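What follows is a short report on a single structure.
The values are calculated or read from the model by the stated rules, or taken from the named source; none is laboratory data. Keep in mind the model is a prediction, meaning the values are calculated, not measured. FYI the Cβ positions are ideal-geometry reconstructions off the backbone, even for glycines, and counts take in every protein chain you see.
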Amino acid sequence: MIPDDEADDALLDVLKLARTPHGTVDNVMRVHSLRPSTMRGHVVLYRAVLHDRANTLPTWFQETISSYVSILNDCSYSLANHWANARHLIADDSRADRIEVALHTRRPEDAFDGRELALLRYASKLTLEPGRIKKSDVDALRIAGLDDGEILEANQIVGYFNYVNRCLNGLGVTTDGDVVGYYGRN
């Protein structure tokens, strides 16, 4: 990973785009230093998936889906960041603790029902058995009360985290030096 003081102009331009609200560039992005075009694409995709104003799923639940996929993929980097975000947004330690246990034990039904449970079951199947997804899986989400836009949002979150978890795990990226969580403080 190339530090700012060794970056050429093209990389500096993309690092500027990738800076967090804390003014840092997290390792999840900096790992692309040798290929700035993939960093640019990653930043744009990440922000579209999780930080787009058009999203209608509650932000805390988007972060919960992200965390669950990261648990299923054993990606400690994404889990550390996105569970910190979810916990912050849930803003109820007791509830967050129940959710955390349910996700880690792969028993989301212990903390969720209805639409949320349907989405977490879909996230699990799409992560662990993507070739077994059928039209009936999407139909079940509609029956649970989700509209097509919400289904697409969840699908994109699951797809993105399957991508990024594999990138992070595959390159051995850690949170060393990062400010953990979007809401973290220096």
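Here's the yes/no breakdown for (1) crowded, with 21+ Cβ neighbours inside 10 Å; (2) acidic (Asp, Glu); (3) in contact with a helix residue (DSSP H, G or I) (Cβ under 8 Å, 6 or more places away or on another chain); (4) assigned to a helix (DSSP H, G or I):
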{"residue": "Leu17", "(1), (2), (3), (4)": "no, no, yes, yes"}
{"residue": "His22", "(1), (2), (3), (4)": "no, no, no, no"}
{"residue": "Asn55", "(1), (2), (3), (4)": "no, no, yes, no"}
{"residue": "Ser66", "(1), (2), (3), (4)": "yes, no, yes, yes"}
{"residue": "His82", "(1), (2), (3), (4)": "yes, no, yes, yes"}
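Could you go through the stretch 131-151 and let me know if any residue there is assigned to a helix (DSSP H, G or I) and closer than 30 Å to Val25 by Cα. Before you say what the answer is, go through the steps one by one.
Of the stretch 131-151, the ones assigned to a helix (DSSP H, G or I) are 131-132, 135-143, 148-151.
Of the ones still in play, those that are also closer than 30 Å to Val25 by Cα are 150.
Yes - at least one qualifying residue is present in the stretch 131-151.
Among the residues of the stretch 141-167, which ones are in contact with a helix residue (DSSP H, G or I) (Cβ under 6 Å, 6 or more places away or on another chain) and either farther than 30 Å from Leu34 by Cβ or assigned by TED's automatic domain parsing to the domain that holds Met29 (or both)?
Leu141, Ala144, Gly145, Leu146, Ile151, Ala154
Return yes or no: is Ala96 free of Cβ contacts under 8 Å to residues at least 60 places away in the same chain, of a type in the set (Gly, Ala, Ser), in contact with a Ser or Thr (Cβ under 9 Å, 6 or more places away or on another chain) and crowded, with 18+ Cβ neighbours inside 10 Å? I'd like the intermediate steps shown before the answer.
On the way: free of Cβ contacts under 8 Å to residues at least 60 places away in the same chain: yes; of a type in the set (Gly, Ala, Ser): yes; in contact with a Ser or Thr (Cβ under 9 Å, 6 or more places away or on another chain): no; crowded, with 18+ Cβ neighbours inside 10 Å: yes.
For Ala96, the condition - free of Cβ contacts under 8 Å to residues at least 60 places away in the same chain, of a type in the set (Gly, Ala, Ser), in contact with a Ser or Thr (Cβ under 9 Å, 6 or more places away or on another chain) and crowded, with 18+ Cβ neighbours inside 10 Å - is not met.
Take Met1 and tell me if it is farther than 30 Å from Arg115 by Cα, in a helix (DSSP H, G or I) and touching a helix residue (DSSP H, G or I) at 6+ places or on another chain (Cβ under 8 Å).
Working: farther than 30 Å from Arg115 by Cα: yes; in a helix (DSSP H, G or I): no; touching a helix residue (DSSP H, G or I) at 6+ places or on another chain (Cβ under 8 Å): yes.
So Met1 fails the test.
For the condition out of contact with any Phe, Trp or Tyr (no Cβ under 9 Å at 6 or more places or on another chain) and of a type in the set (A, V, I, L, M), what is the one hit in Val49, Val69, Val44, Val28? First the steps, then the outcome.
Numbers: Val49 fails: out of contact with any Phe, Trp or Tyr (no Cβ under 9 Å at 6 or more places or on another chain); Val69 fails: out of contact with any Phe, Trp or Tyr (no Cβ under 9 Å at 6 or more places or on another chain); Val28 fails: out of contact with any Phe, Trp or Tyr (no Cβ under 9 Å at 6 or more places or on another chain).
Result: Val44 is the single residue among Val49, Val69, Val44, Val28 that is out of contact with any Phe, Trp or Tyr (no Cβ under 9 Å at 6 or more places or on another chain) and of a type in the set (A, V, I, L, M).
When you check Gly177 against the structure, is it at pLDDT below 95 and either of a type outside the set (Val, Ile, Thr) or assigned by TED's automatic domain parsing to the domain that holds Gly41 (or both), yes or no?
Working: at pLDDT below 95: yes; either of a type outside the set (Val, Ile, Thr) or assigned by TED's automatic domain parsing to the domain that holds Gly41 (or both): yes.
Judged against the criteria, Gly177 is a match.
Pick out the one residue from Leu126, Leu117 that is within 16 Å of the chain's Cα centre (by Cα) and surrounded by 14 or more Cβ atoms within 10 Å (Cβ to Cβ).
Values: Leu117 fails: within 16 Å of the chain's Cα centre (by Cα).
Result of the check over Leu126, Leu117: Leu126.
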